[in-house]
Amino acid sequence: MRGVLFLKGNIEERACNLAVYIIENKATVRAAAKQFGISKSTVHKDLSERLPAFNRPLYLQVKEILEENKAERHIRGGIATRRKYKGE
């Protein structure tokens with residue numbers, strides 16, 4: 001819990017940590033939010049608005065992953081629906 005409080009205090013560091021986590025794990029916004037104990041809206045705002053202001057190279061790397069996730073989300077949704085109705 002202490003790590004979560006620390007991340008809420010320093011926005012720039014939190015944004016960098018989120019970006020590194022997403023890049024290393026090819027994680028979704030939802031997965032990053034769960035890992036860091038913050039909302040999806042906060043993750044999105046940190047990465048799309050705050051990060052480019054102070055770390056453009058890191059932003060460009062994480063942007064690629066986020067665009068890839070966005071392009072694939074309809075496939076993931078279909079898989080989740082199939083699992084739900086097949087009882088997996």
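Laboratory data are not the source of any read-out in this text; all were calculated from the coordinates shown. Note that the structure is predicted; figures quoted are calculated from it, not measured. Positions of Cβ are generated from backbone atoms using ideal geometry, with glycine treated the same way; all protein chains shown enter the neighbour counts.
Normalising the average separation of contacting C-alpha pairs (under 8 angstrom, six or more residues apart) by the number of residues puts the relative contact order of the chain at 28 percent.
Provide the packing ranking of 41-48, 72-79, i.e. peptides ordered by the mean count of other C-beta atoms within 10 Å per residue, highest first.
41-48, 72-79
Can you sort L18, L58 from fewest to most other Cβ atoms within 10 Å of each residue's own Cβ? Each step should come with its number before you reach the end.
Values: L18 27, L58 18.
Arranged by neighbour count, lowest to highest, L18, L58 become L58, L18.
Total Lys pairs in segment 2-86 closer than 15 Å by alpha-carbon, pairs eight or more apart in sequence or interchain only? For segment 2-86, the number of qualifying lysine pairs is 8.
So for segment 2-86, what are the equivalent ellipsoid semi-axes in whole Å, largest first, each being the square root of 5 times an eigenvalue of the Cα gyration tensor? It would help to have the intermediate numbers written out before the result.
Values: eigenvalues 128, 50, 16 Å².
With the √(5λ) rule applied to segment 2-86, the semi-axes are 25, 16, 9 Å.
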